[in-house]
1. Let me confirm something: among 88, 118, 57, 106, which residue is in the same structural domain as residue 150 (by TED's automatic domain parsing), surrounded by fewer than 18 Cβ atoms within 10 Å (Cβ to Cβ) and touching a helix residue (DSSP H, G or I) at 6+ places or on another chain (Cβ under 6 Å)?
2. Looking only at region 121-132, how many residues end up being modelled with pLDDT under 95 and loosely packed, with under 14 Cβ neighbours inside 10 Å?
3. I want to confirm something. Restricting to region 25-47 and keeping residues that are in contact with a helix residue (DSSP H, G or I) (Cβ under 6 Å, 6 or more places away or on another chain) and at pLDDT 90 or above, which single residue is farthest from residue 6 (Cα to Cα)?
4. Considering region 100-130 alone, what residues qualify as being outside any helix (DSSP H, G or I), touching a residue at least 40 places away in the same chain (Cβ under 8 Å) and on the phi < 0 side of the Ramachandran plot?
5. Just give me the residues in region 195-204 being over 18 Å from residue 93 (Cα atoms) and in a helix (DSSP H, G or I), in sequence order.
């Protein structure tokens, strides 16, 4: 339901239009915005407490990314990503994240490495409890911290937006057919290599994880 959508400015959504776009992404990922249902621009603006201008701008950005379709004089509808969308997203992630893992291993600070270790620990604890509500934020935090340890905050922001798109497919355990324990096991060699400052192994382990994730997501859609 639209009534629970919230608008929050953040480093990844610094403007009102960005925040509107993120609110729509979050609402769609949570199942509050249903594909095929038409929602009013006026209703969304009132709900989020902003004028229609940033709402329209945010929706145009989502439309350019293929996440919504705008229906003239009526509103907008959420679109689920298709197989080719996921292939494009994973291609971008593969270009950015494996080399970032290598740089995080070779040049990340001890404090940054501690944050990466902490995120993996949270994932591990959540995995034993089968707690997806804790696991997935920790997963996102781990990838984000690796990118930032590599010194690339812009890449971190890009990846966060791309992950927002894949989240529209539903819980990753459902979309990819893996358990939390299996997903955790793919992250462990990445973090282990980073903490040992073995850049080559960290890069390869991240590449293996992303390639497997992309393959399973595309297979699920097809």
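The values are calculated or read from the model by the stated rules, or taken from the named source; none is laboratory data. Quantities reported herein were computed from a predicted structural model and do not represent experimental measurements. Heads up, the Cβs are rebuilt from the backbone with ideal geometry, glycines too, and the neighbour counts pull from every protein chain shown.
1. Just one listed residue meets the conditions, 106.
2. Qualifying residue count for the region: 1.
3. 41
4. Listed by number, the residues that qualify are 108, 109.
5. Answer for region 195-204, where residues must be over 18 Å from residue 93 (Cα atoms) and in a helix (DSSP H, G or I): just 195.
A quick yes/no check of all residues on (1) assigned to a helix (DSSP H, G or I); (2) modelled with pLDDT under 90:
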| site | (1), (2) |
| --- | --- |
| 138 | yes, no |
| 143 | yes, no |
| 151 | no, no |
| 154 | yes, no |
| 161 | yes, yes |
| 166 | yes, yes |
| 174 | yes, yes |
| 187 | yes, no |
| 190 | yes, no |
